[in-house]
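Structure record follows, encoded as structure tokens.
Throughout, read-outs are computed from the coordinates displayed, never taken from laboratory work. This is a predicted model, so every value here is computed, not measured. Glycine also receives a Cβ, built like all others from the backbone with ideal geometry; neighbour counts cover every protein chain displayed.
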Amino acid sequence: MPGRARGSVKRAAAAANPTAGEPPEVLIDYYRRMALIREFETRAGEMYTKAKIGGYCHLNLGEEATVVGLMAALRPTDYLFTNYRDHGYALCRGMEPGPVMAELFGRVDGVSGGRGGSMHLFDVKRRMLGGYGIVGGQLPPATGAALALTLQGEAGPDADAVMCQMGDGTTNIGAFHESLNLAAIWHLPIVYVVINNGLGMATTVEHAAGEPELYKRGCSYRIPGERADGNDVIAVREAATAMLQRARTERKPGLLETMSVRLRGHSVVDPARYRSREETAELRSRDPLPAFREQLIGAGVLDAEAAHAIDSAVERTVADAVAFADASPEPAPDELFSYAYATEVPNTPRAMPGDPVLPVGWDD
Amino acid sequence: MAEITYRQALHDALREEMTLDPSVILLGEEIGIFEGSYKITAGLLAEFGPERVRDTPIAEEGFVGAAVGAAMLGMRPVVEIMTINFSLLAIDQIVNHAAKIYGMFGGQTAVPMVIRTPGGGGQQLAATHSQNLEVWYAHVPGLKVVAPATPRDAKAMLTAAIRDDDPVIVLENLALYNTKGEVPDGEQVATIGRAQVIKPGTDITVVGYSRSAVIALDVAARFESEGVSVEVVDLASLRPLDRETICRSVSKTGRAVVLEDDWLTYGIGAEVAASIAEGAFDYLDAPVRRVAAAEIPLPYAKSLERIALPDADVLVRVINEVLDATRFTRGESR
Ligand SMILES: Cc1ncc(C[n+]2csc(CCOP(=O)(O)OP(=O)(O)O)c2C)c(N)n1
Ligand SMILES: [Mg+2]
């Protein structure tokens, strides 16, 4: 990105061999997850063009290393809140690709029965507490979840924490600042993660942020910030783990900024004409997935054959997910009001468009 | 049975629910050390401590949204927003989050939270501090909105709201805090979603809620001595809206007036009138009339504020107009 501020990226010293000291099976697992996200997103894009998926659909293409690194830092007992660019997070949280794809298709076997769609993935059992479509909307609830944790348990190495993901553009909205302030004064176990892909939709960070080094934006609240190379899965994991550790043991919130690229448009319908051909080519050269594959092959962790086997396996997994979604029925009309309220009370509206306000014969 | 103020009734409900259920917590500006702008939370910080009675910074979007997230993890936050005017700063969290999370995520998590906030003008607080914006929330599926008129209902409805698993907005009213009434001893839990006939009558129905229900009751008593039997329906719940109780009343009286504190156009009265027009058309002897606030940012000057707001005298006039239009003779009984 021309003119983009680049801060001191963590682990610069280890850049020569960022995977040194990591067990091979861990690295292979990270590669598998990154490949799964890549394949899932690619197929989701295709399904959108086939009108299997409606509405808005935002992909994690280019953010795979970041997503996998962040999710590797999170424990199954921690809580996650994200924005609408949430497919990869859902998959790494352990949500099955089939029900996730079915949610994108708006089918009954979707993770929320087809009520939320692409932007609103949710799985209470896996403590993935949403996917939120309003920019910044996830920050106050994530902050409140962290508040609840302080009321429900003690700080310590085994304490739960909250991770709240957002985009770079989100650091300009009021909810960001109100939330960070609350987290600071109440000593909340939460890590805010800014996925800096350089752009809101087409608006650059420099154009939108008074302090474009976004990890510094916590300084008004004395929340320590750090910037990590979002293309380095280990660097992201290490930075997030350290911040989560502080959140658990010291109840100190953190602000992590990860630097990555958005390989395609803002959403699947955006052709990104505001980018030049050269710029697009330059972005492609920063694609984290082939880079990681080559790195692992170079380090002897993988060979081309093994990498290919993983790629084929995730292709099958995602093909199965698409088939699962396609076979799943659409929600039945009589399910419309199934989740209107958690507590039923008299006179809850059940009228369909065109129905009378009171049933015929109400006064008999 | 004790006679206590509306303020005390709200306080008692909070205190009793906090005593019963450790997951009930209070959040809001100046609710602890300052004991609340209207002193509803007086004494609760001392009794329950700063973790459960939490003074927040002036950040409505932040702390209302924090209540949403805490509720998702099983707490039962009761948020005080100083007045309903400031709720606009939190409207994204109320409308786009609190109201949506249960349904949009397929019932996986409930949001058992309460927002208590007073509306109402007439205190010379000028345009930004005198609004009745309840219809903004009553419009939104996923929310419940209750509007108690009496101390008894204030206690029973707040108790019900805290125990309900959905986000409930409890509309309080600046003009009602000092009003007194009988409150039964022991636990009382209102049923959200039901209107109530608070005075039976046969000649004309007056529909109100919150302060306007109290005014309607007073006006009904005045008409009684003139031989006019006014039935007063207190909506009590703005969402869900109990249309059947309203229409049943009109099916008996054939005449209806709505008294509301909000603005006329698109107001609560518009919904009530439309419901009567459709549900009880055959019973109506006259068009439904609405008595609402003049549509102007409310001026500070007393002379202008007074005439801009609906009051008992206007209600009396409009009731008489409806009675005269239907050639009602005083003392007649249907
Ligand atoms: C409050 C609000 N305003 C505007 C939008 C429309 N919108 C959706 S995504 C987006 C850009 C967000 O950029 P960023 O936070 O950097 O996230 P990214 O999409 O890059 O992941 C905008 C303006 C919205 N969803 N919510
Ligand atoms: Mg962005």
Fill in the blank from the handout: Partner lysines whose C-alpha sits under 24 Å from that of residue A:252, ignoring same-chain residues fewer than 8 away, are A:10, A:216
Handout entry: Helix A:139-152 axis, angle to chain A major axis (alpha carbon atoms, nearest 10°)
Key = 90 degrees
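Under the rule of -39500 (n - 2.57) per DSSP H run of 4 or more residues, summed and divided by the residues of chain A, what mean residue ellipticity at 222 nm is obtained, to the nearest 500 deg cm²/dmol? Before the final figure, lay out each step's value.
Working: 11 runs with 142 residues, N = 364.
Result for chain A: -12500 deg cm²/dmol, rounded to the nearest 500.
Give me the percent relative contact order of chain A, please, defined on Cα pairs under 8 angstrom at least 6 residues apart.
Numbers: 656 pairs, mean separation 80.4, N = 364.
The value is 22 percent.
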Completion exercise
To the nearest 10 degrees, the tilt of helix B:60-72 (Cα long axis) against the first principal axis of the alpha carbons of chain B is 80 degrees
Fill in the blank from the handout: One would report the Cα pair-distance distribution of the protein assembly as shown, bin width 20 Å, in %, as 17, 44, 28, 10, 1, 0
Completion exercise
Partner shielding of B:52-64, taken as the mean number of other chain Cβ atoms within 10 Å, equals 5
Exercise for the section: Give me a single rounded figure for A:114-127: the average over its residues of other chain Cβ atoms within 10 Å of their Cβ. Expected result: 3
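Please compare each pair in A:50/A:125; B:155/B:199; B:39/B:180; B:199/B:302; B:199/B:252; B:100/B:155 to a cut-off of 25 Å on the Cα-Cα distance and tell me which ones are over it.
Numbers: A:50/A:125 32 Å; B:155/B:199 20 Å; B:39/B:180 16 Å; B:199/B:302 32 Å; B:199/B:252 13 Å; B:100/B:155 27 Å.
In this structure, A:50/A:125; B:199/B:302; B:100/B:155 lie more than 25 Å apart at Cα.
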Completion exercise
For chain A, the Cα-Cα pair-distance distribution in 10 Å bins from 0, as whole percents, is 5, 23, 32, 25, 10, 3, 1, 0, 0
Fill in the blank from the handout: Per the helix-only model, chain B has a calculated mean residue ellipticity at 222 nm (DSSP H runs of ≥4, -39500 (n - 2.57) each, divided over all residues, rounded to the nearest 500) of -10000 deg cm²/dmol
